[in-house]
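Only one structure is covered here, and it is reproduced in the block below.
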Amino acid sequence: MTLCSIADRRCVHQSGQSCANQSRRKLARRNTRVRQAVALLIMTSMGALFLTSGTANAKPFDGPEAVGATLAAGILTGIACWTVELATEDDDEEVEPRDDDYDRRGWFVGLQGVYAREDYDIDREERNIDSQSNFKLEFSLNNHDAGGVRGKFGRRCHSRFSVEFEMEWLDDFAGKVVDLSDGMVASDIKFSTIAGTINTKGYLLTGRVQPFVLVGVGAMSVRGENNAKGSNKSSQDDGHLVARFGGGIDFYVTRHWVVSGQADYVYSATNLESTNYISVGFGAMYRW
């Protein structure tokens, strides 16, 4: 009777050499698949950086193009997650389930309250406003922070990796446009954003406390409401590509319930409308 365990690399058997060779070959194949899958995850992250690059005077990814790039990143990330699961599926068959398997595979869903601080390029926004007016104008922000909420849905495909789709809504970034000819406020402007990103997360530890880093790519919709003096209120929606970089900590209260904190920097690829911001969120997550 032969018993081979990859988990602890031990072999108990009648034919020792045969079992050892079989285990080594199996382990080598598994490690090769894992390396390929991790390389694919890294390629996804590098792709996010590449997609957000552009010229200084153009909008490289607006509207449908941003959504298309997000879908492409989602498909690539999904394939990477699936490949990781296939590469390590033997582990789940040979290792008995544990009560403290906080690094197990499975689906998760989460919700967080968010505080955000703008990192807008004021000079760039001012040039954009000037290009649309015959008068010399000055743009400034009154309200530099905003509140909102973010939701997550994803899958942990390996003890060290997971992928997720994240939606983040923020409201009440506010600014004003001043006519420099008379110093009067020409209009009040309010911004709200909705950003959806495909994130890849890497876990530094796999116990009850799990610090992690993440990188993601996605699309953002920005609504600007313009309340110009002496005219009707108007609004405009713009969509563009964004990248998300961040990290945080997951704390497992139970096997299924997790308290989570996360801080991100969201970078806009739309070079004429620099709507970058820093967000910090805190909330809960449920794991199946």
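Quick note: the coordinates plus some simple rules give every number you see, no bench work behind them. From a predicted model like this one, the values you see are computed outputs, not experimental measurements. Note that we place each Cβ from the backbone using ideal geometry, even for glycine, and neighbour counts take in every protein chain shown.
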Roughly what would the spin-label model give for His144 and Tyr265, points 7 Å off Cα along C-beta, in nm? 1.7
Report the label-to-label distance for Phe282 and Gln236 in nanometres (one decimal), using points 7 Å from each Cα along the Cα→Cβ vector. 3.8
Apply 1/(1 + (r/R0)^6) to the Cβ-Cβ distance of Arg223 and Ala72, taking R0 = 41 Å, and write down the FRET efficiency to the nearest 0.05. 0.95
Between Val253 and Asp188, what is 0.36 nm times their sequence separation minus the Cα-Cα distance? Round to one decimal in nm. 18.9 nm
